[in-house]
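The values are calculated or read from the model by the stated rules, or taken from the named source; none is laboratory data. All of these numbers come straight from a predicted model, not from anything done at the bench. Glycine gets a Cβ as well: all are built from the backbone with ideal geometry, and neighbour counts include every protein chain shown.
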Amino acid sequence: MSSCPWNPAREDVADFIYRQGTASRQVLEMRDQILCYDFASREYAIIYTPLADAAPISLERYEYYSIPKLYTLLDTSSMEASGILPVFRQPALSNKGQGVLIGLIDTGIDYRNPLFQNPNGTTRIAGIWDQTLPEDPNQLPPGVSDPTGQLAGISYGTVFTPAQINAALRSENPLDLVPSTDTEGHGTFLAGIAAGGETPSGDFIGAAPLASIGVVKLKPAKKYLRDFYLIRQDAFAYQENDIMLGIKYLQLLSQETAMPLVILLALGTNWGSHEGASPLGQVLQTSSQYIGIVNVIAAGNETGLSHHHSNFLPGNGQWEDVEIRVAPGERGFTAELWSDITDLYTIGFISPSGETVSRIPLTLGRESRVTFLLEKTVITVNYLPAEAGSGRQLIFFRFQDPSAGIWRIRVYNTFYLNGQYHLWLPVESFCSPDTIFLTPDPDNTVTAPANAGLPLAIGAYDHRDGSIYIHSSRGFALNGQIKPDLAAPGVDVYGPSIAPSLSEEAAMTRRTGTSVAAAHAAGAVASLLSWGLVEGNDPSMSSASIRGYLVRGADRNPAYQYPNREFGYGTLNLYQAFLSLRE
């Protein structure tokens, strides 16, 4: 962290992700305008500069990876099926996550909820980093300190300690002392599924009810990025760099509390090569190599939404028209074409009125701007022949003010060896649900960063009948890695809601989606870490070994072949994972 003269959370500050060790053209050009920076990891730094100096934001000026991608929530507004309750009942096991920290990067938490308290009324929350505080953007925030001195702190947001939270819980008006809230309820629900205590009525208990909880409340994405990606104004959207720094905070909290860490990430996006090559994916991949850190990620809810198209072009000079139906009133949207590493493509367009734009030549480092006689639509096209994270070709499109109707992207095979390419539209909620591919492919729809290698990617199924959740994203990762790893209960699951005040009985609700399934899995992982690292049964327990335990213990339907694109290696069964250790 460097001393920052402005609050980096301000709307007039631009954020860039910088890969350390590279003589980046953009950094050299911006060096006189850099206000300050934060280290997200040993590999990545976040650079802040005045937006007025950074604009206009485009891939002609900045590297693709450096512009933060936007992520959204992965659910819509159990325990027995996961094999978690049978573990509670075994006297020799009885692992409930004790001694383990479950970290949540989401919409915050209702810390007043009794489900997150000890029997004596004190909090089980080890720390909250609220990126939205202070509310006054002109006020310099306290940020995050780093007691280890290894990676420095973070220059925005406000941290609340257990002592501050306990003082708030004892007061008549807790929010006067700790004003961090969860206005959406998403984070509170997931924290309850993963680590909530038992309700007085006994009708609910979380997967790891004795685990400690770390919370990152993400700030909403800045307007300039929402405008660059042309997402819907009402969409829940969060920045990649904020999530990366949230991971850093939870790692610092894990070191401070000397606890193994499970990070629950229930956010996803369709931007990127779908193989974990993004900066966020790389940070998660690196941290997953450490003993005692496990990242559990929701696989996404993109199956059946017609946001993915793929095809093979048989040889050089061949072309295909890919049809996109654009909904009336669509503000705009982006799309990405990703090739195999062996191939190159160029594109043209046919508008709904029939106007044809011939093949746009492949040019390096230049942006093409396409206009039409009969439509007010403007399309910008960027060719990246070898994107820095993946080595694949990326063609990035921005459709501004698109006319409603059928648009055709004419895809030409320019350099051929394999001939397969993929096109993705943004995730659900970032564009109209009626803006879709007319020839979609439901496979390869696991969202980033769940398509990274070592983190556990979790799909959702209905534990009442064993069927896969209809929208649970299908694998595999684009590089062939098995994703999702497992499926967990994620349909109509019962859990805590946000409540207006302290109460003996928490308000409850139901939610559906892979984020809910990932919360189940995060609690199960916490119980395994408690058994392995805290109790000393497996002192070298890592993400890879956790995957091994859970894959061996997974339930598998004899009617299916495994691993498969829907369930991965099967459905979560923690008890069976322990039973598999017996001879």
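Here are Ile347, Ile406: which of them is closer than 22 Å to Leu313 by Cβ, at pLDDT 95 or above, β-branched (Val, Ile, Thr) and touching a Pro at 6+ places or on another chain (Cβ under 7 Å)?
Only one candidate passes the filter, namely Ile406.
For segment 371-383, indicate whether the set of residues that are in contact with a Pro (Cβ under 6 Å, 6 or more places away or on another chain) and either under 30 Å from Leu572 (Cβ atoms) or surrounded by fewer than 24 Cβ atoms within 10 Å (Cβ to Cβ) (or both) is non-empty.
Yes: segment 371-383 contains one or more residues that are in contact with a Pro (Cβ under 6 Å, 6 or more places away or on another chain) and either under 30 Å from Leu572 (Cβ atoms) or surrounded by fewer than 24 Cβ atoms within 10 Å (Cβ to Cβ) (or both).
Looking at segment 237-272 only, could you name the residues that are under 26 Å from Thr303 (Cα atoms) and β-branched (Val, Ile, Thr)?
Ile243, Ile263, Thr269
Residue by residue through segment 86-105, note down the ones that are part of a loop (DSSP other than H, G, I, E, B) and modelled with pLDDT under 95.
Residues satisfying the conditions are Gln90, Pro91, Ala92, Leu93, Ser94, Asn95, Lys96, Gly97.
Only residues that are of a type in the set (Val, Ile, Thr) and more than 25 Å from Gln289 (Cβ to Cβ): list them for segment 456-489, please.
Ile468, Ile470
Here's the yes/no breakdown for (1) assigned to a strand (DSSP E or B); (2) under 29 Å from Ala452 (Cα atoms); (3) touching a strand residue (DSSP E or B) at 6+ places or on another chain (Cβ under 7 Å):
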| site | (1), (2), (3) |
| --- | --- |
| Thr334 | yes, yes, yes |
| Phe349 | yes, no, yes |
| Pro352 | no, no, yes |
| Leu362 | no, no, yes |
| Arg369 | yes, no, yes |
| Glu387 | no, yes, yes |
| Arg392 | no, yes, yes |
| Arg398 | yes, yes, yes |
| Arg410 | yes, no, yes |
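In segment 526-546, is there at least one residue being at pLDDT 95 or above, small (Gly, Ala, Ser), part of a helix (DSSP H, G or I) and surrounded by fewer than 17 Cβ atoms within 10 Å (Cβ to Cβ)?
The answer is yes, given that some residue of segment 526-546 is at pLDDT 95 or above, small (Gly, Ala, Ser), part of a helix (DSSP H, G or I) and surrounded by fewer than 17 Cβ atoms within 10 Å (Cβ to Cβ).
When you look at Val283, is it in a strand (DSSP E or B) and buried (at least 18 other Cβ atoms within 10 Å of the Cβ), yes or no?
Against the criterion (in a strand (DSSP E or B) and buried (at least 18 other Cβ atoms within 10 Å of the Cβ)), Val283 does not qualify.
Only one residue in Arg124, Arg170 is assigned by TED's automatic domain parsing to the domain that holds Ala266, among the basic types (Lys, Arg) and out of contact with any strand residue (DSSP E or B) (no Cβ under 6 Å at 6 or more places or on another chain), so which one is that?
None of the other options fit; the residue is Arg170.
Residues of segment 316-368 being of a type in the set (A, V, I, L, M, F, W, C) and under 22 Å from Ser306 (Cα atoms), which ones?
Matches in segment 316-368: Trp319, Val322, Ile324, Val326, Ala327, Phe333, Ala335, Leu337, Trp338, Ile347, Phe349, Ile350.
Can you name every residue in segment 204-221 that is under 11 Å from Ile243 (Cα atoms), aliphatic (A, V, I, L, M) and surrounded by fewer than 23 Cβ atoms within 10 Å (Cβ to Cβ)?
Within segment 204-221, none qualify.
Which members of segment 170-210 meet the condition of being out of contact with any Asp or Glu (no Cβ under 9 Å at 6 or more places or on another chain), not in a loop (DSSP other than H, G, I, E, B) and not basic (Lys, Arg)?
Pro174, Leu175, Asp176, Leu177, Gly192, Ile193, Ala194, Ala195
May I ask you to list the residues in segment 211-230 that are closer than 19 Å to Thr132 by Cβ, part of a loop (DSSP other than H, G, I, E, B) and of a type in the set (A, V, I, L, M)?
Leu218, Ala221
Could you tell me whether Pro114 is in the same structural domain as Leu280 (by TED's automatic domain parsing), touching an Asp or Glu at 6+ places or on another chain (Cβ under 9 Å) and surrounded by fewer than 18 Cβ atoms within 10 Å (Cβ to Cβ)?
No; evaluated as a whole, the condition is false for this residue.
Any residue at all in segment 106-120 that is among the aromatic types (Phe, Trp, Tyr) and in a loop (DSSP other than H, G, I, E, B)?
The answer is yes; a qualifying residue exists.
Among the residues of segment 298-309, are any part of a strand (DSSP E or B), polar (S, T, N, Q) and surrounded by fewer than 23 Cβ atoms within 10 Å (Cβ to Cβ)?
Looking for residues that are part of a strand (DSSP E or B), polar (S, T, N, Q) and surrounded by fewer than 23 Cβ atoms within 10 Å (Cβ to Cβ), one finds none in segment 298-309, hence no.
Report every pair of residues separated by at least 6 positions or lying on different chains whose Cβ atoms are under 6 Å apart, first residue within segment 220-236 and over 23 Å from Pro328 (Cβ atoms), second of a type in the set (D, E, K, R).
Lys222/Glu11; Lys223/Glu11
Which one of Glu355, Glu375, Glu336 is among the charged types (D, E, K, R) and within 31 Å of the chain's Cα centre (by Cα)?
Glu336
Of all residues in segment 563-575, how many are in contact with a strand residue (DSSP E or B) (Cβ under 8 Å, 6 or more places away or on another chain) and part of a loop (DSSP other than H, G, I, E, B)?
6
Is it true that some residue in segment 21-30 is farther than 23 Å from Arg366 by Cα, modelled with pLDDT under 95 and either of a type in the set (A, V, I, L, M, F, W, C) or surrounded by fewer than 20 Cβ atoms within 10 Å (Cβ to Cβ) (or both)?
Checked segment 21-30: at least one residue is farther than 23 Å from Arg366 by Cα, modelled with pLDDT under 95 and either of a type in the set (A, V, I, L, M, F, W, C) or surrounded by fewer than 20 Cβ atoms within 10 Å (Cβ to Cβ) (or both).
Could you list, ordered by first residue, the pairs with Cβ atoms under 7 Å in which the first is in segment 539-557 and more than 13 Å from Val525 (Cβ to Cβ) and the second is polar (S, T, N, Q) and surrounded by 15 or more Cβ atoms within 10 Å (Cβ to Cβ), at least 6 apart or interchain?
Correct list of pairs: Arg552/Ser580; Ala554/Thr571; Ala554/Asn573; Asp555/Thr571; Asp555/Asn573; Asp555/Gln576.
Return the residues of segment 261-276 that are at negative phi and in contact with a strand residue (DSSP E or B) (Cβ under 7 Å, 6 or more places away or on another chain); say none if nothing qualifies.
Once the filter is applied, which keeps residues that are at negative phi and in contact with a strand residue (DSSP E or B) (Cβ under 7 Å, 6 or more places away or on another chain), segment 261-276 yields Leu261, Val262, Ile263, Leu264, Leu265, Ala266, Leu267, Gly268, Thr269, Asn270, Trp271, Ser273.
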